[in-house]
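Take a look at the structure below.
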Amino acid sequence: MFKLISGKAIAQKRQEDLRLEVENLKNKGVTPSLRVILVGHSGPSEIYVRNKKRRAEELGLDFELIRFDETVTEQELIASIESLNQDQTVDAMLVQLPLPKHIDEEKVVQTVSPYKDVDGFSPINFGYLWQNNPNVIPSTAGGIMTLLEESEINPASKHVVIVGRSNIVGRPLGALMLNADATVTMAHSKTKDLKSITKQADILISAVGKAHFITADMVKKGATVIDVGMNRDENDKLVGDVDFDDVSEVAGAMTPVPGGVGPMTILTLMEQTIEIAKKRV
Ligand SMILES: Nc1nc(=O)c2c([nH]1)NC[C@@H]1CN(c3ccc(C(=O)N[C@@H](CCC(=O)O)C(=O)O)cc3)C=[N+]21
């Protein structure tokens, strides 16, 4: 029996509860506010940010996009973050990644106040997460946990294999899975004989960024497969890392792209913005 896990449907279902929460907060005089800093005009970032804006507005959040040209200096960017750190009307912010090469991403991420860091990328929030005492968590990883929970797939005592070790997905997801009592294997580009490892996964998560990367021969029968990839194929169509038609023949449950992890990322971002704002009440 094969189950398609629709992140889009789960996010929609939770969106209504969130809207009511925002209404409640507004009645208490608090409108959760989110600022997104976007540098440059890369196609994918434009789409992700547009989706964030749309969801935020549907919920009635105070949302503002702060744009910089790709020639912005590191100093200018940091000054803008520092002013948001000070701004009492701002609950939460994030700097859309990746940044142009002349800007030190680490330095930028470290400038965001840990209290307003809705992405959970600041070293302090990362540390809390790895100590099994999470505060704000990276939204893609958090969204995947919600998606599994809503699908009644409990990672406890399961073998979870994560392919990809980025700071925005693989690493934080590893921590969340460990916190949820999974046995975790983190595989990556230097892993030898990847297939022998992915084949052992009860839950396989791919966050690699290569179309058709995960094929049926890498998947155990009945496994849950979560696709974090956002790639363009030969025909410029949005596809994940997982060869969907091939893998759906062996997997027990799977997320599609689009409509899988992406909408859950945005939902988690909204949830966490609201959580931060609640502290003001
Ligand atoms: N500081 C920071 N925080 C992030 O959360 C962050 C980031 N940088 N950089 C890039 C990744 C990627 N990401 C996505 C958000 C929405 C969709 C999304 O809405 N996807 C839709 C479709 C999108 C489309 O139509 O292209 C879907 O999967 O159904 C995908 C990916 C957030 N990220």
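In cubic angstrom, how much convex hull volume per residue do the alpha carbon atoms of the chain span?
Details: hull volume 36.0 nm³, N = 281.
About 128 Å³ per residue, rounded to a whole number.
Rounded to the nearest 10 degrees, what's the angle between the helix 7-27 long axis and the longest principal axis of the chain, both from Cα atoms, 0 to 90?
20 degrees
Taking Cα atoms, how many degrees apart are the long axis of helix 74-86 and the longest axis of the chain, rounded to 10 and kept between 0 and 90?
70 degrees
Relative contact order of segment 29-114: what whole-number percent is it, with Cα pairs under 8 angstrom and at least 6 residues apart?
Details: 102 pairs, mean separation 35.0, N = 86.
Relative contact order here is 41 percent.
Extension gain Arg54-Glu70, at 0.36 nm per residue separation less the Cα-Cα distance, in nm? Write down the numbers at each step before the final one.
Values: separation 16, 0.36 × 16 = 5.76 nm, distance 2.37 nm.
Length gained, Arg54 through Glu70: 3.4 nm.
May I ask you to list the trypsin sites (Lys or Arg not before Pro) in segment 89-185 that are in a DSSP loop and have at most 13 other Cβ atoms within 10 Å of their Cβ? Numbers along the way, then the final one.
Working: sites: Lys101, Lys107, Lys116, Lys158, Arg165; in loops: Lys101, Lys116, Lys158, Arg165.
Answer by residue number: Lys101.
Take the alpha carbon atoms of segment 56-81, find their center, do the same for segment 1-42, and report the distance between the two centers in whole angstrom.
Cα centroid of segment 56-81 versus Cα centroid of segment 1-42: 19 Å apart.
For a quick check, take a GNM of the chain with Cα springs below 10 Å and name the residue from Ala92, Ala156, Ala207 with the largest mean-square fluctuation.
Top of the fluctuation ranking is Ala156.
I need the phi-derived Karplus couplings for segment 267-281: 6.51 cos²θ - 1.76 cosθ + 1.60, θ = phi - 60°, integer Hz, Gly and Pro marked x.
With coefficients 6.51, -1.76 and 1.60, one gets 4, 5, 4, 5, 4, 6, 4, 5, 4, 5, 5, 4, 5, 7, 5 Hz.
Under 1.5 on a/c is rounded, so check that first for segment 29-114, then, if it is not, pick prolate when a/b is larger than b/c and oblate when it is not; a ≥ b ≥ c are the square roots of the alpha carbon gyration tensor eigenvalues. Walk me through the numbers on the way to the answer.
On the way: a/c = 2.42, a/b = 1.27, b/c = 1.90.
Judged from the Cα gyration tensor, segment 29-114 comes out oblate (a/c at least 1.5, b/c at or above a/b).
Using 7 Å Cα-to-Cβ label points, what is the Thr183/Ala79 separation (nm, one decimal)?
Placing both labels 7 Å beyond Cα along the Cβ direction yields 5.5 nm.
Please give the charge dipole size of segment 29-114, origin at the Cα centre, charges +1 on K and R Cβ atoms and -1 on D and E Cβ atoms. Round to the nearest 20 debye.
So the dipole magnitude of segment 29-114 works out to roughly 340 debye.
Suppose every K and R has +1 on its Cβ and every D and E has -1 on its Cβ; what is the size of the dipole of segment 175-275 about the Cα centre, in Debye to the nearest 20?
Details: 9 positive and 15 negative charges, 75 e Å.
Its charge dipole is roughly 360 debye.
Output the pairs from Lys53/Lys237; Lys3/Lys195; Lys28/Lys107; Lys107/Lys192; Lys13/Lys101; Lys53/Lys158 with a Cα-Cα distance over 27 Å in this structure; if there are none, say none.
Numbers: Lys53/Lys237 23 Å; Lys3/Lys195 23 Å; Lys28/Lys107 36 Å; Lys107/Lys192 33 Å; Lys13/Lys101 39 Å; Lys53/Lys158 36 Å.
Listed pairs above 27 Å: Lys28/Lys107; Lys107/Lys192; Lys13/Lys101; Lys53/Lys158.
Compute the Rg to Rh ratio over segment 139-262 from the alpha carbon atoms, using the Kirkwood formula for Rh, and round to two decimal places.
Numbers: Rg = 13.0 Å, Rh = 14.1 Å.
Radius of gyration relative to Kirkwood radius: 0.92.
Given Cβ point charges of +1 (Lys, Arg) and -1 (Asp, Glu) and nothing else, what value in debye, to the nearest 20, does the dipole of the chain about its Cα centre take? Each step should come with its number before you reach the end.
Numbers: 32 positive and 39 negative charges, 88 e Å.
Roughly 420 debye, rounded to the nearest 20.
Any idea what the relative contact order of segment 162-264 is, in percent, if you count C-alpha pairs under 8 Å spaced at least 6 apart?
On the way: 197 pairs, mean separation 23.7, N = 103.
Here the relative contact order equals 23 percent.
How high is the relative contact order of the chain, given as a whole-number percent (alpha carbon pairs under 8 Å, six or more residues apart)? Kindly include the intermediate steps, with their values, before the conclusion.
Numbers: 541 pairs, mean separation 61.5, N = 281.
Result for the chain is 22 percent.
For the chain, build the charge dipole from Cβ charges (+1 Lys, Arg; -1 Asp, Glu) around the Cα centre, then report which of Ala156, Leu267, Thr224 sits farthest towards its positive end.
So the residue we want is Ala156.
Connecting C-alpha atoms closer than 10 Å in a GNM of the chain, tell me which of Lys28, Lys199, Lys221 has the biggest fluctuation.
Per the Cα network of the chain with a 10 Å cutoff, Lys28 tops the list.
So what's the back-of-envelope 222 nm ellipticity for the chain, counting only DSSP H runs of four-plus at -39500 (n - 2.57) apiece and dividing by all residues, rounded to 500? Each step should come with its number before you reach the end.
Values: 10 runs with 115 residues, N = 281.
Taken over the chain, the calculation gives -12500 deg cm²/dmol.
Values in this text are rule-based calculations from the coordinates and carry no lab data. Not measured: the values here are computed from a predicted model. With ideal geometry, Cβ positions are generated from the backbone for all residues, glycine too; neighbour counts draw on all protein chains shown.
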